[in-house]
Amino acid sequence: PEPAWVDETEPDASPRALLAALQNAFEDAMAEREAAAAIERGHEAYVRSLGRWAQRMNREYRKPIDWYVVLVEGAVDGHWRRVRLQAVDPHNRVELGRPFVVELSNQQFRALTREDERRTVDLMRLRGAVHPQLQPNLDRIERGVFDNPPYIGRYMEFDYTVDVRSLVPAQPPEVDPEDDPEDTPDDPDADSSDASDDGSGS
């Protein structure tokens, strides 16, 4: 993935952080179970364990979120507006996963519109909750060309929904320039002690 200012070490940091966390959790939890099931109890036992694991992960990874997003597209449906959002890094606009759809009330949608120009704003801050929707699919044995829905592991697919508590225009938060993920020292005579502390091992 492209470097981002957002710390994606926590699964609630972005859609792609959530996907990566669940892929890692699947690999840790299911690899040994699949091998054991093939030897001892057979395929049906493994499938049942998949379902139980998916239910548990759907509960454990249901988390509050605070994401920066941009509007991809929107459509009016009665008193609701269905909008597609893209989670982004607020500073360099790196896309942090795939776009996702939420439903907003007319009141929420109007809050995104500039009073002077009546046009949709650019960067927004979304607060709410993410609800993973892991689902076994016995026909899914590999990622595939389009990887849609996203592939978690053998027989397991990933989707999620987002409940919106607030969605408001935002400015990028202030950051320390030294935290730039792509920043590298230009001085070849930089203190060797600094180089030894960066974890690069070189």
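The values are calculated or read from the model by the stated rules, or taken from the named source; none is laboratory data. Everything numeric in this text was worked out from a predicted model, so none of it was measured. Cβ sites come from the backbone with ideal geometry, for glycine too, and all protein chains shown count toward neighbours. For the accessible areas, the whole protein counts, side chains as well, though only heavy atoms, and no ligand, DNA or RNA atoms are used. Shrake-Rupley method; radii C 1.70, N 1.55, O 1.52, S 1.80 Å.
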**Report entry** 5 angstrom amide H check on LEU123, placed H, neighbours 5+ away
**Finding:** ALA170
Query raised in the report: Roughly how much of TRP67 is accessible, in Å² to the nearest 10, using a 1.4 Å probe?
Result: 0 Å²
Query raised in the report: For ILE152, which sequence-distant residues (separation of 5 or more, or a different chain) have an amide H within less than 5 Å of its own amide H, given hydrogens modelled in the peptide plane?
Result: GLU157, PHE158
Report task. Would you mind putting 143-156, 89-102 in packing order, based on average other-beta-carbon counts within 10 Å, highest first? Result -> 89-102, 143-156
Query raised in the report: Based on the Cβ-Cβ distance of ASN24 and LEU123, what FRET efficiency does E = 1/(1 + (r/R0)^6) give at R0 = 30 Å, to the nearest 0.05?
Result: 0.50
